[in-house]
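Written below as structure tokens is the structure these notes are about.
The values are calculated or read from the model by the stated rules, or taken from the named source; none is laboratory data. Just so it is clear, the model here is predicted, and its values are computed rather than measured. Here the Cβ positions follow ideal geometry from the backbone for every residue, glycine too, while neighbour counts run over all protein chains shown. Keep in mind that these areas ignore ligands, DNA and RNA; they rest on the heavy atoms of the full protein, side chains included. Shrake-Rupley method; radii C 1.70, N 1.55, O 1.52, S 1.80 Å.
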Amino acid sequence: MSLEMWLMLSLVVVLSGISKAAFAGGLGLLAMPMMLMVFDPHTALGVLLPILLMLDAFTLRKYWQRWSLPILLQLLPAAIVGIGVAALLLGSLSPRQLQWLIGVGSVLFALRYFLFRQSTPWLASRPAGVAMGLLSGISSTLLHAGGPPLAMHLLARRLPATEYIATSAVFFAVLNLVKVPAFVWQQQLTMDLLWLALPFLPLCYFSIKLGYWLKQKVSDQHFLPAVHGLLLLAGGKLIWQAI
């Protein structure tokens, strides 16, 4: 692996770790586009999965038992079904179409917060949670981009910042574990890619520590505007990619 690849992967690890520990993965959509600047799609998709799993493990350790179990029990079954559905959508819904749908929904939801500040009780409902969980599982499998659908539901439920991050951490840890057999079966994750990711374990730990430290500097008063801002940027990024 070239020096350029090492530097890019290191930057992605740090950015993803800070994002997971401080903003519930709000910047996670930048990981794949950055990786594709120096890696081929197969390598980028495969090597990111073990890195995300390492980041998930360290995030869970920081936010242990601070999650909302009822919300997770509502979201996870639908998300796991979404992982299975993703294979079927490969033939009928292109990644570009999925990027467009999720991007538009994310931007509209974020703009609603900044421009109108009106409540969206339907997004906090159980049916909406199931729908967002399903969509998150699909987009996580196809794009490593399951954050926006989950964020729309959790933000509508107005969870405290710590509970929001912890719930997101468990959600994506489970999803990434479920994705492992599918990635191995599709040869998206190989031993070579696993060995490529493992040296970044210490950097994963450091980036989560850094993100957790930053989280302590961001008050709950500023947390929601920050996460909505990241959701707006992430949605705009997906729309731009789709275009």
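Numerical summary
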| item | result |
| --- | --- |
| Most to least accessible of Phe114, Phe200, Phe206 (protein chains only, probe 1.4 Å) | Phe206, Phe114, Phe200 |
| Residue-span extension gain [Leu198 to Gln65] - 0.36 nm each, minus C-alpha spacing | 45.2 nm |
| Calculated [θ] (222 nm, deg cm²/dmol) that DSSP helices of n ≥ 4 give over the chain, each run adding -39,500 (n - 2.57) | -26500 deg cm²/dmol |
| Spin-label pair Val104/Leu210, simplified geometry with 7 Å Cα→Cβ offset, distance in nm | 3.7 nm |
| Alpha carbon convex hull of segment 99-185, volume per residue in cubic angstrom | 90 Å³ |
| Hits among lysines - C-alpha to C-alpha of Lys217 under 28 Å, sequence gap 8 or more where chains match | Lys20, Lys62, Lys209, Lys237 |
